[in-house]
Amino acid sequence: MHASASALHQGGGVRSRGAVVSSCGLFNGVVEMEAKSPGVAGSARKLVLNNSARKIKDNAADWHNFILKWDKLNDAGFTIANNIVNIKISKETENDTNLQVDCDGSSVTQKSASASEPHKVLEECCTELLDILDKMTRLVSKMAKLSSTVKGICVLESFQHGEAGRDRPLFHTWPTKQFDEVSSKLAEVYQQELRLKQVIVQEVAHSSEQDLAMVYLSAWLYQPYIEDSSRALLESMLLETGHRPL
């Protein structure tokens with residue numbers, strides 16, 4: 001469990017030494033427990049999320065952490081892809097110069113040897129970019145599991161409460177189905193963005209057109225499938241589950 005989620009559950013369901021539980025009620029997916037200690041005036045209230053609410057809250061924290069990791073990978077991948085394009089442009093410029101200056105072939109052998117170094121760097125950059133793509137693929141797989149978890153909670157609640165769902169929301173205002181809709185939407189947009197990344201990785205090192213290479217770089221950096229609305233959905237979910245203050 002991630003730190004942001006686990007911190008919110010500290011003390012959940014744990015009773016201090018000598019404490020006696022005097023009352024327990026269920027409200028809005030939260031179990032409210034009143035604990036009284038001998039010789040202490042007043043009472044302390046502890047809120048313990050029920051299983052569905054706790055899983056959804058952990059799920060929201062995981063979404064936040066996964067998207068942060070994705071953004072870091074995206075920045076790292078752009079830097080590597082940019083290096084690949086620059087190496088390609090430099091090699092093509094050098095080749096054009098060689099064709100113009102060395103028509104007699106007098107220094108072809110020497111320049112071929114020196115050309116092996118950028119080729120080696122290009123291969124290393126391509127390997128690094130493939131590693132970034134592999135990490136992104138694993139992240140998207142984890143995102144799909146988050147979406148599947150929420151969908152399972154919705155199925156369970158439909159079985160328990162009928163198609164209309166529970167009478168009161170788990171947190172503030174969202175019905176449980178809304179968490180499913182948001183998770184499904186986020187999983188879909190990151191899956192689409194991953195497919196775009198896969199195309200860019202396959203083509204960026206082989207493109208002979210500089211303008212097309214610039215398009216690949218721009219698409220990688222600005223991520224057209226991940227719109228501002230997707231970020232807003234994440235923030236709304238964090239607000240609803242208490243990870244962000246209202």
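The values are calculated or read from the model by the stated rules, or taken from the named source; none is laboratory data. The shown structure was predicted, so the numbers you read here are calculated from the model rather than taken from an experiment. Glycine gets a Cβ as well: all are built from the backbone with ideal geometry, and neighbour counts include every protein chain shown. Accessible surface is based on the protein model in full, side chains and every heavy atom, while ligands, DNA and RNA are left aside. Shrake-Rupley method; radii C 1.70, N 1.55, O 1.52, S 1.80 Å.
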Worksheet entry | For segment 132-201, accessible area per residue (1.4 Å probe, heavy atoms of protein chains only), Å² | 52 Å²
Worksheet entry | Under Karplus coefficients 6.51, -1.76 and 1.60, residue-wise ³J(HN,Hα) of segment 178-192 in Hz, glycine/proline x | 5, 5, 5, 5, 5, 4, 5, 5, 5, 4, 5, 5, 6, 5, 5
Worksheet, complete the sentence: Extend 7 Å from the Cα of Lys135 along its Cα-to-C-beta direction; within segment 221-235, residues with backbone N under 19 Å of that point are 221-223
Worksheet entry | Over 22 Å (Cα to Cα) - which of Lys72/Lys142; Lys72/Lys151; Lys142/Lys197; Lys72/Lys197; Lys57/Lys142 fall in this group | Lys72/Lys151
